[in-house]
Amino acid sequence: MQRVIPAILEQSVSDIQEKLDRVAAFVELIQLDIADGLFVPEEVMNDPGVLDLIQTTAAIDLHLMIELPEVVIEKWLHPVVRRISIHIEASEDSNASIEKIKEADKEVFLAINPETPIKKLEPYAEIIDGVLIMGVHPGYGGQEFIPSTLEKVKDARILLPERTIAVDGGVKEGIAIKLFEAGADQVAMGTGLFSATNLEKYIKKINSFKDK
């Protein structure tokens, strides 16, 4: 399993492509952040057409920070997409989105904000592929990691023993180690990854923490 998921939150296709080109050779899956300006304050690449414009050898993991994903989810079921994360707080009918994503033969994760308890995932424990636990409030890059996220990871590991647990937001090297120790399988890294001098070496280093 890929441990480090490069996370891209950019406002232009050219900036997205630049980051894709920097990491695609070292990973199989890259997270692309999408926001509608409603669920989070700022709109970020809220156009499925972006998936036709980017080019990458890696598959795309869509983090949809959008209200009522069940209404628009079909538009995001692009062939380049392998995984989609929708926010449980943004949905009126999470089951509808989950069903549509699974029908498209893609992985489905439920994302939860810092204030949302893990127990909210319980009704979906048997039908999702994993959970994306937010270590910051979604919508902005470069935020500081919220320490209580570590306890949420432990709780998620108990509730979802056979599912993938990923954490997104504020993850740096030292935090990644603690998250893996708490039971996380994957970490989505944006600023903490792309600021590294040697991306290939850095990704290999973080991946090795989980294997120890």
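Computed quantities for the displayed model
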| item | result |
| --- | --- |
| Sole residue being charged (D, E, K, R) and in contact with a helix residue (DSSP H, G or I) (Cβ under 6 Å, 6 or more places away or on another chain), chosen from Lys119, Lys100, Lys75 | Lys100 |
| Those residues of the stretch 6-43 which are under 17 Å from His78 (Cβ atoms), among the aliphatic types (A, V, I, L, M) and either in a loop (DSSP other than H, G, I, E, B) or out of contact with any Phe, Trp or Tyr (no Cβ under 8 Å at 6 or more places or on another chain) (or both), in sequence order | Ile8, Val13, Ile16, Leu20, Ala24, Leu29, Ile30, Leu32 |
| Residues that are farther than 15 Å from Leu64 by Cα and either crowded, with 17+ Cβ neighbours inside 10 Å or in contact (Cβ under 8 Å) with a residue 40 or more places away in the chain (or both), drawn from the stretch 85-125 | Thr116, Ile118, Lys119, Leu121, Tyr124 |
| The lone exception for Gln143 - which of (1) surrounded by fewer than 17 Cβ atoms within 10 Å (Cβ to Cβ); (2) assigned to a loop (DSSP other than H, G, I, E, B); (3) modelled with pLDDT of 95 or more it fails | (3) |
| Subset of the stretch 47-84 [surrounded by 15 or more Cβ atoms within 10 Å (Cβ to Cβ) and in a helix (DSSP H, G or I)] | Val50, Leu51, Pro69, Glu70, Val72, Ile73, Trp76 |
| Qualifying positions in the stretch 155-210 - of a type in the set (Gly, Ala, Ser) and either part of a strand (DSSP E or B) or surrounded by 15 or more Cβ atoms within 10 Å (Cβ to Cβ) (or both) | Ala156, Ala166, Gly169, Gly170, Ala176, Ala182, Gly183, Ala184, Ala188, Gly190, Gly192, Ala196 |
| Unmet criterion (only one of (1) within 13 Å of the chain's Cα centre (by Cα); (2) closer than 25 Å to Ser14 by Cα; (3) of a type outside the set (Gly, Ala, Ser)) for Glu107 | (2) |
| Conditions (1) without any contact (Cβ under 8 Å) to a residue 60 or more places away in the chain; (2) within 15 Å of the chain's Cα centre (by Cα): number failed by Leu132 | (1) |
| Scope the stretch 25-46; condition buried (at least 17 other Cβ atoms within 10 Å of the Cβ) and under 12 Å from Ala58 (Cα atoms); matching residues | Phe26, Val27, Leu29, Ile30, Gln31, Leu32 |
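Residues checked against (1) among the acidic types (Asp, Glu); (2) in contact with a Phe, Trp or Tyr (Cβ under 7 Å, 6 or more places away or on another chain):
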position	(1), (2)
Leu160	no, no
Ile165	no, no
Asp168	yes, no
Ala176	no, yes
Gln186	no, no
Leu193	no, yes
Ala196	no, yes
Leu199	no, yes
Ile203	no, yes
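The values are calculated or read from the model by the stated rules, or taken from the named source; none is laboratory data. Predicted, not measured: the structure shown is a model, and the values here were computed from it. Virtual Cβ from ideal backbone geometry, glycine too; neighbours counted across all protein chains shown.
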